[in-house]
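These notes concern the structure reproduced below.
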Amino acid sequence: MGAQRIVLKFPHRLVDQPIVYRMVKDFDIEFNILKAYITPREEGLLVLELTGKDDSLEKALKYAKSLGVTVQSLSKDIKRNESKCTHCGACVPICPTGALVTDPLTRKVLFYDTKCIACELCIKACPPRAMELHF
Ligand code: SF4
Ligand code: SF4
């Protein structure tokens, strides 16, 4: 038995498909939903903890990938180096989960790490490299 934390990214055309249900039923695995979002582009993002036999997990993820779901391991953590952030806002439209948002009153960029799924998109987008990847 093993457990994996993963991010599943569903393109718009797959958002209403029972893919996780099939993964659980057909491959005999269990899951816990840690986070779930629909992005502004109407993609679905699910952060899951999957439990099951190693080969069952592998087959279930292979099945999801074969349908066009992006599968990413969640073994990393994103932190913001507050001394480097200039609050330029470049990361805000890039973040798919709303973890980086501009405060309408102060115009400062807020980082809600509980919403972050470690997709790493903000790392390249940040001019002073304030968003950092920690393992
Ligand atoms: S892109 Fe970087 S510097 Fe700009 S607001 Fe985001 S974290 Fe801060
Ligand atoms: S890694 Fe960056 S872009 Fe991705 S969810 Fe976290 S804060 Fe948003």
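Anything in region 38-63 that is buried (at least 17 other Cβ atoms within 10 Å of the Cβ) and assigned to a strand (DSSP E or B)? List them, or say none.
Correct list: Gly44, Leu45, Leu46, Val47, Leu48, Leu50, Gly52.
Restricted to region 56-92, and to residues that are of a type in the set (Gly, Ala, Ser) and under 30 Å from Met1 (Cβ atoms), which residue is modelled with the lowest pLDDT?
Looking at residues that are of a type in the set (Gly, Ala, Ser) and under 30 Å from Met1 (Cβ atoms), I get Ser75.
Determine the pairs where a residue that is assigned to a helix (DSSP H, G or I), located within region 8-23, has a partner that is buried (at least 19 other Cβ atoms within 10 Å of the Cβ) and of a type in the set (Gly, Ala, Ser) with Cβ atoms under 7 Å apart, the partner being 6 or more residues away or on another chain.
Close Cβ pairs satisfying both conditions: Ile19/Ala64; Met23/Ala60; Met23/Ala64.
Could you grab me the full set of residues in region 80-135 that are assigned to a strand (DSSP E or B) and either of a type outside the set (A, V, I, L, M, F, W, C) or in contact (Cβ under 8 Å) with a residue 12 or more places away in the chain (or both)?
Passing the criteria: Arg80, Leu100, Thr102, Val109, Phe111, Met131, Glu132, Leu133, His134.
Could you tell me which numbered condition Thr86 fails, if it satisfies all but one of (1) surrounded by 13 or more Cβ atoms within 10 Å (Cβ to Cβ); (2) over 17 Å from Ile38 (Cα atoms); (3) among the hydroxyl-bearing types (Ser, Thr, Tyr)?
Only one criterion is unmet by Thr86, namely (1).
The values are calculated or read from the model by the stated rules, or taken from the named source; none is laboratory data. Keep in mind it's a predicted model, so treat the numbers as computed, not measured. Every residue, glycine among them, receives a Cβ derived from its backbone with ideal geometry; neighbour counts consider all protein chains shown.
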